[in-house]
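Here is the structure we will look at.
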Amino acid sequence: MSRVGKKIISVPKDVKINITETTLEVQGPKGKLTTPIPDGITFKLEDGKLAAERQNDEQAALHGLARALAQNAVTGVTTGFTQDMDIVGVGYKAELKGKSIVFALGYSHPVEFTLPEGITAKIEKVQKQITQYQTTVTLAGIDKHLLGQTAANMHNLRKPDAYKGKGVRYANRTLKLKPGKTGK
């Protein structure tokens, strides 16, 4: 049995859910999301509680997946999701221009990164030491999948260096640096 699939999703009062045969439409104060429902999985909404059920044991993996996607949709339209990205390196910076972010990442040219529809960004500069600043880009949106893909695309602009850690990296992940050359 799928342990994730058996969990009940509590639906807040300001969230409306429309269940069709192939999709689950969730509408809340932050927006509207549509989640596909796999074959063999059904959803039932009773008294503000949403439950996922499967026809047989062949859909065990899809049972947990469908329930997790529905939970992410409910959380997204009520509170939303955020992801912080740190830009670390001397001369590395970011600037917000309309619906795109212009990065200076040590290349010979600035890199323009266009944000997809539904994702917003906020840029902050934090002083780490007296002369050193670190730029943090906070991405926010209601769709967890789109937010994660946008963060991954931003990470791929300049992956962190293995020795100094320079580049675009996730703020909540620790980066293990390799030791440099040892001198005699």
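The values are calculated or read from the model by the stated rules, or taken from the named source; none is laboratory data. Keep in mind that this is a model prediction, so the values were computed, not measured. Because the Cβ atoms are built from the backbone with ideal geometry, glycine has one as well, and the counts that use them run over all protein chains shown.
How do the strands (runs of 3 or more DSSP E) wholly within region 13-117 filter down when requiring 1 or more residues that are touching a residue at least 24 places away in the same chain (Cβ under 8 Å) and under 21 Å from the mean Cα position of the chain (by Cα): which remain?
23-28, 31-36, 81-88, 93-97, 100-104, 111-114
When you look at residue 157, is it assigned to a strand (DSSP E or B), farther than 30 Å from residue 48 by Cβ and not hydroxyl-bearing (Ser, Thr, Tyr), yes or no? So residue 157 fails the test.
Would you confirm whether any residue within region 143-150 is of a type in the set (Lys, Arg), at negative phi, outside the structural domain of residue 65 (by TED's automatic domain parsing) and at pLDDT 95 or above?
Within region 143-150, one or more residues are of a type in the set (Lys, Arg), at negative phi, outside the structural domain of residue 65 (by TED's automatic domain parsing) and at pLDDT 95 or above.
When residues in region 126-154 are screened for being touching a residue at least 24 places away in the same chain (Cβ under 8 Å) and of a type in the set (D, E, K, R), 2 of them pass.
Scanning region 34-45 for residues that are within 29 Å of residue 170 (Cβ to Cβ) and out of contact with any helix residue (DSSP H, G or I) (no Cβ under 7 Å at 6 or more places or on another chain) yields a count of 2.
Yes/no matrix, rows are residues, columns are (1) touching a helix residue (DSSP H, G or I) at 6+ places or on another chain (Cβ under 7 Å); (2) surrounded by fewer than 19 Cβ atoms within 10 Å (Cβ to Cβ); (3) not acidic (Asp, Glu):
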{"position": "47", "(1), (2), (3)": "no, yes, no"}
{"position": "59", "(1), (2), (3)": "no, no, yes"}
{"position": "73", "(1), (2), (3)": "no, no, yes"}
{"position": "80", "(1), (2), (3)": "no, yes, yes"}
{"position": "93", "(1), (2), (3)": "no, yes, yes"}
{"position": "108", "(1), (2), (3)": "no, yes, yes"}
{"position": "111", "(1), (2), (3)": "no, yes, yes"}
{"position": "125", "(1), (2), (3)": "no, yes, yes"}
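Within region 53-85, being farther than 29 Å from residue 124 by Cβ and acidic (Asp, Glu) holds for 53, 57, 58.
Candidates 37, 41: the one that is touching a His at 6+ places or on another chain (Cβ under 7 Å) and either aliphatic (A, V, I, L, M) or closer than 30 Å to residue 119 by Cβ (or both) is 41. For residue 177, the conditions (1) closer than 16 Å to residue 93 by Cβ; (2) surrounded by fewer than 16 Cβ atoms within 10 Å (Cβ to Cβ) are fulfilled apart from (1). Kindly check whether there is at least one residue in region 42-63 that is acidic (Asp, Glu), in contact with a Lys or Arg (Cβ under 9 Å, 6 or more places away or on another chain) and within 20 Å of residue 22 (Cα to Cα). Within region 42-63, one or more residues are acidic (Asp, Glu), in contact with a Lys or Arg (Cβ under 9 Å, 6 or more places away or on another chain) and within 20 Å of residue 22 (Cα to Cα).
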